[in-house]
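Notes follow the structure.
The values are calculated or read from the model by the stated rules, or taken from the named source; none is laboratory data. Bear in mind the structure is a predicted one, so any value in this text is a computation, not a measurement. So basically every Cβ, Gly included, is an ideal-geometry build from the backbone, and we count neighbours across all protein chains shown. Accessible surface areas use protein heavy atoms only, side chains included; no ligands, DNA or RNA. Shrake-Rupley method; radii C 1.70, N 1.55, O 1.52, S 1.80 Å.
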Amino acid sequence: MQLRVNMKTRFISATLTILSFVVPTAPLAIPLGSKLLKQIASIELPGPAGKRFDYLAIDPEDHLLFIAHMGAGNLYVLDMRTNKVVNTIPDVPGVEGVEYVPDLKKVYTSDAHENQIGVIDLATMKVIKKIPTESKPDGSTYATPFQKLYVSDERAKAVAVVDVTKDEVVDMVRFASETGMPQYDPVAKLVYVNLQDQNIFAVIDPATDSVIGRHPVGRCRGNHGMALDPEHHRAFLACEQNNLLAVFDLDKNESIAYLPVPEGADVVKFDPGLSRIYVACYSGAISVFEQKDPAHYSKLGDVRVAHAVHSLAVDPATHRVYAPEQEESGVPVARLIVFDAIP
């Protein structure tokens, strides 16, 4: 009996010794995350430092990136070929949403501090008009064939519809919920909007601006951020209240997958070339997910970034990721970080 006990003890000891060498390599999230994005540039922005940033938008024809500096009331214009700030456009108080309208060479800003939509002419890089909304304009999307801009008028519980040929609000689509990010689907020719108080995904027909669908988003709570994969009929929803990314099937009108994200999930972007989804999280991470196929998704890792980074843009031509910082290790900054995606 004593011999068996000793042999058993030696076996357990040997096993633990082996495991002591194996365990340290087991948690893959941290090393894997560090291999997903490689920082290639850190660009100082005009500032002031320590003020909140919000959405970004890309002009792919002229290789321009528009950066909303919400707390400063500025819109910065960055040349993505040189990583130089080429313009600072003031007079956009509390700018949140930014939308590029290619056919008119204009940019529209959601200026929450004055409840107006700014119209910027890219030929002069100046605000040429302001369009009144009701309460806290936020994210926006452009339905190109209809020449309409859809702006989340968040606290008004509505989506403002702007005719960009007139630069006037022509309709207010109202809901019983604050509105999150809207997105235009060029395949289905529909506008989607998150109803974040009700955990509902709403569908607007831009031909009539009527609501033609309201669909529950399953376990997702507080669906605010959204990105689309129109080709595969998928929407990606940031669930702010329970730290999930929900994959929503636009044919079945239901969520088909839920993946974990750190706290503070906000802006979501999809890179179709790499089949990657990025989620900027206020707690200090960019979560990266892979679309293996339209029915299967996996988390690749969390890339650590500065606290309060909650917005990003992805250039589908270069696969570069752009994220503005308002602080670094607790020190106020005004900075843009540029990453190369590592396949």
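Here are the numbers for this structure:
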quantity: Selection from region 49-70 of residues that are surrounded by fewer than 20 Cβ atoms within 10 Å (Cβ to Cβ) and not aliphatic (A, V, I, L, M); calculated: G50, K51, R52, D59, P60, E61, D62, H63
quantity: Selection count, region 187-242, where residues are among the charged types (D, E, K, R) and within 20 Å of L149 (Cβ to Cβ); calculated: 3
quantity: Residues of region 28-83 satisfying the condition of being out of contact with any Gly (no Cβ under 6 Å at 6 or more places or on another chain), at pLDDT below 95 and either within 21 Å of V267 (Cα to Cα) or not charged (D, E, K, R) (or both); calculated: L28, I30, P31, S34, G47
quantity: Wholly within region 269-324, strands (runs of 3 or more DSSP E) carrying at least 3 residues that are in contact with a Gly (Cβ under 6 Å, 6 or more places away or on another chain); calculated: 296-304
quantity: Selected residue (criterion: least open to solvent (accessible area, probe 1.4 Å)) from residues of region 222-244 that are more than 18 Å from F175 (Cβ to Cβ) and touching a Cys at 6+ places or on another chain (Cβ under 7 Å); calculated: C239
quantity: Cβ pairs under 7 Å, 6+ apart, first in region 322-337 and open to solvent by 40 Å² or more (accessible area, probe 1.4 Å), second among the hydroxyl-bearing types (S, T, Y) and in a strand (DSSP E or B); calculated: R335/S42
quantity: Tally of residues being without any contact (Cβ under 8 Å) to a residue 24 or more places away in the chain and either over 19 Å from Q198 (Cβ atoms) or hydrophobic (A, V, I, L, M, F, W, C) (or both) across region 226-242; calculated: 0
quantity: Answer residue from region 266-278, given it is in contact with a Pro (Cβ under 8 Å, 6 or more places away or on another chain) and closer than 12 Å to A341 by Cα and is surrounded by the most Cβ atoms within 10 Å (Cβ to Cβ) among those; calculated: D271
quantity: Every residue from region 138-165 that is of a type in the set (S, T, Y) and either touching a Phe, Trp or Tyr at 6+ places or on another chain (Cβ under 9 Å) or open to solvent by less than 10 Å² (accessible area, probe 1.4 Å) (or both); calculated: S140, T141, Y142, T144, Y150, S152
quantity: Among residues of region 59-72, those that are in a loop (DSSP other than H, G, I, E, B) and either in contact with a His (Cβ under 7 Å, 6 or more places away or on another chain) or among the acidic types (D, E) (or both), counted; calculated: 2
quantity: Any hit, region 204-222, residues being modelled with pLDDT of 95 or more, charged (D, E, K, R), within 22 Å of Y55 (Cα to Cα) and touching a Leu at 6+ places or on another chain (Cβ under 9 Å); calculated: yes
quantity: Selection within region 73-123 - open to solvent by 30 Å² or more (accessible area, probe 1.4 Å) and either touching a His at 6+ places or on another chain (Cβ under 6 Å) or within 19 Å of K136 (Cβ to Cβ) (or both); calculated: R81, D91, P93, E99, H113, E114, N115, Q116
quantity: Residue check for M172: part of a strand (DSSP E or B) and surrounded by fewer than 22 Cβ atoms within 10 Å (Cβ to Cβ); calculated: yes
quantity: The listed residue being more than 17 Å from Y108 (Cβ to Cβ), charged (D, E, K, R) and at pLDDT 95 or above, out of K166, K157; calculated: K157
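Per-residue answers, yes or no, for (1) in contact with a Pro (Cβ under 9 Å, 6 or more places away or on another chain); (2) touching a residue at least 12 places away in the same chain (Cβ under 8 Å); (3) open to solvent by 10 Å² or more (accessible area, probe 1.4 Å); (4) farther than 21 Å from T141 by Cα:
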residue: N199; (1), (2), (3), (4): yes, yes, yes, no
residue: D205; (1), (2), (3), (4): no, yes, yes, no
residue: P216; (1), (2), (3), (4): no, yes, yes, yes
residue: C220; (1), (2), (3), (4): no, yes, no, yes
residue: A280; (1), (2), (3), (4): no, yes, no, no
residue: I286; (1), (2), (3), (4): no, yes, no, yes
residue: E290; (1), (2), (3), (4): no, yes, yes, yes
residue: L300; (1), (2), (3), (4): no, yes, yes, yes
